[in-house]
Amino acid sequence: MRFNFFFLVCIVLLASCGNDVAKKSVNEEQTDNSVDTLTTDKKQSPFEMGLVVNEDPIFQCAYMHYRTIDGVDLLPYQQTTNDLIVNSIGITSEEGTKKKKVTLKGDGFYRNIMKNFIASYKVDKEEMPELYSYTQEDSVSIDEQYEDFVQLHMFSYIYMGGAHGNANDAHYLISKENGRRLALKDVVKDINKFTTAAEVYFRKGLQLAPDADLQEEGFWFDNGFQCNENFYFSDGKMIFVYNQYEIAPYAVGIIYNEIPISKIKHLLRFEF
């Protein structure tokens, strides 16, 4: 079973011809009064929230995570998945010197994301009146189709001034048996043999010659080609994701190395 859903879209707009709308959008009191839970479901349906100013949606989010049902506790892999969602946004609250972990109960977690984002824009706008817009978008999907593990897919894009925004495409495999996040070594039998096979498809996908020097081609591998820990399985392929600035300049974009499972199944620990 695979759940696809849009997790968070936050957009704060400002234009010289619409200052009234912009001022209302960053007004704290207006924000509190405008944030409404549009739908809530205790099971799997996503919550939806939106901030509307003068009938223009400037902040929208719909999100889903594992929830307790009828008092039944979350399974270990479900708890790990929820924790990864929280940690990816990096929100913790402090009480003195102690840090209290934020949980995904109710919709308070997402309301705080909305309020913090708009508050940040308000502060920066006061310091830089010429500031045009901030945008944040996040999506999450949970894929439970495989017997041994669940996959958590998270994509985010944020623009908070500067020459360009930044995107990040992250993927996690969590063991259904014990809830532990799986590393590449937990999925692959022989890292060296697997890396050799993966490099063939990396070069093929980027139309690089088999003997081309990767550093001369503009890639930032210090000791030859390496697989990273950002990977997932989909449509008969094992896909590695290299985000912007990870192994190449921003202009190259996110790099996807797609490897047919049929070509590497002898090197994998799981059956597909």
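Nothing in this text is a laboratory measurement; each read-out follows from the coordinates by a stated rule. None of these values were measured; they are calculated from a predicted model. Neighbour counts run over all protein chains shown; Cβ positions are idealised from the backbone, glycine included.
The set of residues in the range 230-245 that are surrounded by fewer than 15 Cβ atoms within 10 Å (Cβ to Cβ) and either within 18 Å of the chain's Cα centre (by Cα) or within 11 Å of ALA198 (Cα to Cα) (or both) contains only TYR245.
Considering only residues that are part of a strand (DSSP E or B) and among the hydroxyl-bearing types (Ser, Thr, Tyr), which ones fall in the range 136-161?
First pass over the range 136-161, keeping only residues part of a strand (DSSP E or B): 136-143, 149-159.
Result: SER139, SER141, SER156, TYR157, TYR159.
In the range 182-195, the condition of being under 16 Å from PRO260 (Cα atoms) and of a type outside the set (A, V, I, L, M, F, W, C) is met by at least one residue.
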